[in-house]
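Before any comments, here is the structure.
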């Protein structure tokens, strides 16, 4: 089979709205698991396709968590009936979006508070910022998800420490 590559002829910054076949497509550049993640919102259909701005069952993160949290807050304001995340099933409410936002906010606040209390080592930070109150809602007590949750929380903590200290992030 001979495939011909077709390269993009249109780029956008921040937002792009296209109309085709009576349908409105809103492309929005957000911070998901990376800067410049694109989400697609179809307002008439009330469908939001998030890519890895929302990831089930355990969220991914690499940029500053407060920017990803800001993205989730903005997406929560959209009138949607269906959310299709980057991984996992389609959702028919904003419950998981809000849960992911709670996790990011809890880690950012926990890291900030721990730094103010004088926590200086990574091991101390892991023991202080556990966000165990959210664990069961992500893992449903599945052993594999428990391990993944613990590792992902540690990764979010490391990134939140960098953010709290004002360290740069690759763009």
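Remarks
- Residue 86 meets all of the listed conditions (1) touching a strand residue (DSSP E or B) at 6+ places or on another chain (Cβ under 6 Å); (2) exposed (fewer than 15 other Cβ atoms within 10 Å of the Cβ) but one, namely (2).
- Checking the stretch 104-113 against the condition returns no match, with no residue being in contact (Cβ under 8 Å) with a residue 60 or more places away in the chain and within 19 Å of the chain's Cα centre (by Cα).
- In the stretch 92-105, the count of residues that are surrounded by 15 or more Cβ atoms within 10 Å (Cβ to Cβ), at pLDDT 95 or above and not in a helix (DSSP H, G or I) is one or more.
- Residue among 153, 131, 80, 107 that alone is touching a helix residue (DSSP H, G or I) at 6+ places or on another chain (Cβ under 6 Å) and on the phi < 0 side of the Ramachandran plot: 107
- Residue 86, sole failed condition from (1) closer than 19 Å to residue 39 by Cβ; (2) assigned to a helix (DSSP H, G or I); (3) at pLDDT below 95: (2)
- Flag for residue 48 being within 30 Å of residue 19 (Cα to Cα), touching a helix residue (DSSP H, G or I) at 6+ places or on another chain (Cβ under 7 Å), at pLDDT 95 or above and surrounded by 16 or more Cβ atoms within 10 Å (Cβ to Cβ): yes
- Answer residue from the stretch 52-83, given it is part of a strand (DSSP E or B) and either over 9 Å from the mean Cα position of the chain (by Cα) or without any contact (Cβ under 8 Å) to a residue 12 or more places away in the chain (or both) and is surrounded by the most Cβ atoms within 10 Å (Cβ to Cβ) among those: 83
- Residues that are outside any loop (DSSP other than H, G, I, E, B) and under 22 Å from residue 159 (Cβ atoms) were ranked within the stretch 28-45; the one that is modelled with the lowest pLDDT is 37.
The values are calculated or read from the model by the stated rules, or taken from the named source; none is laboratory data. The structure presented is a predicted model; accordingly, all values stated were derived computationally and were not measured. Note: ideal-geometry Cβ built from the backbone for every residue, glycine included; neighbour counts use all protein chains shown.
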